[in-house]
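For reference, the structure discussed in these notes is given below.
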Amino acid sequence: MIPIFFSVDDNYAGPLTVALHSLAQHADPKREYQVYILTEHLTAPHRKLLLAQATPNVHIAFASIGAQFKARIDDRGNTLRADYFTLTIYFRLFIAELFPELDRAIYLDADTVVLADVAELFNTPLDGALVGAVSDPFMAANPETATYAAQAIGLPVADYVNSGVLLMDLAAMRQANFATAFLNLLNRYHFRSLAPDQDYLNAMTKNRLLHLDPAWNVQGEQPQITTPKLIHYNLFDKPWHYQGVPHETEFWATADDTEAGAALHATQVAFGPKQVAADHQHKANLIELARSISTQPVTFANVAAKEGGVQL
């Protein structure tokens with residue numbers, strides 16, 4: 001049985017429907033897959049839509065992060081895409097503790113389309129690493145974010161990974177007390193972050209991270225990857241918002257085969273100048289935030305250098 005986790009709120013129920021459908025389309029019929037959707041307050045119609053993507057060998061269930069963890073998350077103002085805050089961005093960091101019966105799992109963001117059997121990803125050796133992930137091209141594409149990776153996180157930008165696709169050694173994460181270490185850092189230092197869960201993951205697993213085949217997390221135009229295994233519509237290039245997005249064909253080929261397709265097309269039509277301007281502003285805010293945080297005294301890199309206790 002291959003466990004796959006997603007974390008979602010109502011804002012991403014439509015794209016997650018597409019991701020689930022694509023995963024099921026490429027699943028080996030001879031294997032069993034258990035999808036867990038970590039969520040809070042997802043509406044009944046959205047739950048029904050997501051459950052409809054199950055197949056005889058791809059099972060879908062919902063799970064909560066648990067009150068004992070939610071009560072200990074004291075995030076002060078960090079947002080997703082310099083846009084809005086949701087607790088779901090942190091849920092992936094608690095999978096090891098929430099599911100003690102599992103030794104290994106895959107985590108995927110909802111804005112993905114799977115083009116290969118995730119069993120291949122699941123079977124990738126981690127060789128002692130806590131997690132496997134792919135480098136983040138957005139961070140490398142901007143001088144401000146590249147500086148941020150080096151000065152605020154303490155990593156060369158080529159080593160900074162995107163947390164939208166993770167292969168997780170849950171047994172090793174429990175042994176390293178990952179969840180407790182994360183909460184201690186979060187609640188003690190309240191680090192300002194570009195991508196809250198992602199920055200913690202990079203800083204904490206700096207010495208125990210494996211770089212995966214980049215075909216498993218293709219973001220934007222990456223022509224050097226000739227056979228993508230998973231497309232990730234990260235940050236602002238959402239095909240349900242814009243036309244001409246890289247790999248939009250793969251998205252709509254799957255979306256139009258689901259009950260969510262019509263609503264996603266309608267979302268694109270309704271995405272007008274006001275929303276486009278907001279996206280441009282949020283991206284500018286993200287770049288400015290990277291520049292600002294890099295000069296602050298309390299960063300992952302500074303705390304690691306002066307006090308230690310950041311890397312596991």
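Summary of computed values
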| quantity | calculated |
| --- | --- |
| Selection from region 219-270 of residues that are surrounded by fewer than 14 Cβ atoms within 10 Å (Cβ to Cβ), of a type in the set (D, E, K, R) and without any contact (Cβ under 8 Å) to a residue 40 or more places away in the chain | Glu221, Asp256 |
| Subset tally (residues that are more than 18 Å from the chain's Cα centre (by Cα) and not in a strand (DSSP E or B)) for region 31-52 | 14 |
| Residue count for region 24-43, restricted to those that are in contact with a helix residue (DSSP H, G or I) (Cβ under 8 Å, 6 or more places away or on another chain) and of a type outside the set (Ser, Thr, Tyr) | 11 |
| Qualifying residue in region 253-260 (condition: β-branched (Val, Ile, Thr) and in contact with a strand residue (DSSP E or B) (Cβ under 6 Å, 6 or more places away or on another chain)) | yes |
| Unmet criterion (only one of (1) closer than 15 Å to Phe178 by Cβ; (2) at pLDDT 85 or above; (3) buried (at least 21 other Cβ atoms within 10 Å of the Cβ); (4) not charged (D, E, K, R)) for Val113 | (1) |
| Residue ID - nearest to Asn187 (Cα to Cα), chosen from residues in region 266-312 that are among the acidic types (Asp, Glu) and in a helix (DSSP H, G or I) | Glu288 |
| Filter pass, Lys274 being farther than 20 Å from His21 by Cα, among the charged types (D, E, K, R) and at pLDDT 95 or above | yes |
| Residues of region 39-54 satisfying the condition of being in contact (Cβ under 8 Å) with a residue 40 or more places away in the chain, surrounded by fewer than 23 Cβ atoms within 10 Å (Cβ to Cβ) and either more than 17 Å from Phe251 (Cα to Cα) or β-branched (Val, Ile, Thr) (or both) | Glu40, Leu49, Ala52 |
| Residue match in region 54-73 (condition: touching a helix residue (DSSP H, G or I) at 6+ places or on another chain (Cβ under 9 Å), at pLDDT 95 or above and not in a strand (DSSP E or B)) | yes |
| Total residues in region 1-30, condition of a type in the set (S, T, N, Q), in a helix (DSSP H, G or I) and modelled with pLDDT under 95 | 1 |
| Yes/no for Phe91 being outside any strand (DSSP E or B), modelled with pLDDT under 95 and within 21 Å of Ile231 (Cβ to Cβ) | no |
| Residue match in region 301-309 (condition: under 21 Å from the mean Cα position of the chain (by Cα) and either buried (at least 16 other Cβ atoms within 10 Å of the Cβ) or aliphatic (A, V, I, L, M) (or both)) | no |
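The values are calculated or read from the model by the stated rules, or taken from the named source; none is laboratory data. None of these values were measured; they are calculated from a predicted model. Neighbour counts run over all protein chains shown; Cβ positions are idealised from the backbone, glycine included.
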